[in-house]
Amino acid sequence: MATLNFVLIGVDPVAQYGSPWAAVDPAILEPLIKAYGGYGSMFIRYIFHLRNMFTYGFVFPYFGWSTYDHNFVAFGLAQRLPITLCLMGTVLAITVTLGILIGMLAASKRGTRTDRVVTSLSLLMWAVPIMIAEFLVIILFSYLFIVHGIKIFPVTGLTSASPYLHNAGFALYLDIAWHLCLPVACLVVVGLGPWVLYTKNMMTDALTQDYIFYTARAKGLSQKIILFKHAFKSILPQISTMVATATPAIIAGSMITEALFGLDGIGNWYIKVVYADTQIIRFTDPAVTQAVFFIYAHIVIALNFIADLLYGVFDPRIRVGTRR
């Protein structure tokens, strides 16, 4: 990923940071250019680029200088990363939990009206683009507030404008949760469909296996024990893989969501940088673009690695195979 960043986005730091429009502080301009190997060949710049990326912004030049923020990129990441992780983590936890429970309900009532309703709604949610859903939600709640004075949920920002809330402790967290209700709800509703359908299909297959269809039922086990202790346990390896594969979609959705709802996270920052002062895609701030790509790629890689480890935890056959 770092190499791809260098090939696609990397620029000559002398031209990038030494040009008049960059407006970099003269006190750090020369050290910054040297930290990127700006006076060396392309290979030298590539080596410096790898060093700068794999120090993860903890040492100079801290992922580089953002000409958009007029500050080091690592400082902007540290400020915005908690917002993005909070949004993505909340959406992932709610989507996975609800998707699994609803999918298990549909599988346990296969062929009934409940199954048909759940499947139809899941297909509908899967087909709705996240941007369209969020536009409709913003228009609806803005209309209720502007025309009728009804403010159920705010449609922009992370906190209220009141200065008292910023030092109010628990009240501040409640205010943040209130502002995140609509963004989280939109991402959950749109992302719920695939989880429900995949879980339903896997649970249906598990419930028709002989060890459940004949043995567990013959032993007189309750439906709840069959569902959670036997059938669900058998699909845990696939669930762990689904969590990892769903992460890129959640990242893409969170970038759009942050921009539309005015959340100052990494996704909104990235979109502002890419579209800054232009109507076309242009990497006007390569340091930010490279850092965002690098961080998001590492999040996806880390979750895939965790999913591989969990696959072995949930499936004893894999643990046995690794000892041979």
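At a glance:
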item	result
Val117-Ala297 FRET efficiency (beta carbon distance; Förster radius 25 Å; 0.05 resolution)	0.05
Cα-projected label distance for Leu140 with Ser41, points at 7 Å along beta-carbon direction, nm	6.1 nm
FRET efficiency estimate (nearest 0.05) - Cβ-Cβ, Thr3 to Ala171, R0 51 angstrom	0.60
Spin-label pair Phe305/Met131, simplified geometry with 7 Å Cα→Cβ offset, distance in nm	3.4 nm
Amide H contacts of Ser66 (H built 1.01 Å from N, under 5 Å, at least 5 apart or other chain)	Asn71, Phe72, Val73
Label-point separation, Thr156 to Lys224 (7 Å along Cα→Cβ), nm	4.8 nm
Estimated FRET transfer efficiency when R0 is 56 angstrom, pair Thr97-Ala27 (beta carbons, to 0.05)	0.65
Cα-based reach from Lys233 at 25 Å (exclusive), listing lysines while leaving out same-chain residues under 8 positions away	Lys109, Lys200, Lys219, Lys224
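Each value in this text was obtained by applying a stated rule to the coordinates, not by laboratory testing. These figures come from a predicted structure and were not determined experimentally. Cβ coordinates were reconstructed from backbone atoms using ideal geometry, including for glycine residues, and neighbour counts include every protein chain displayed.
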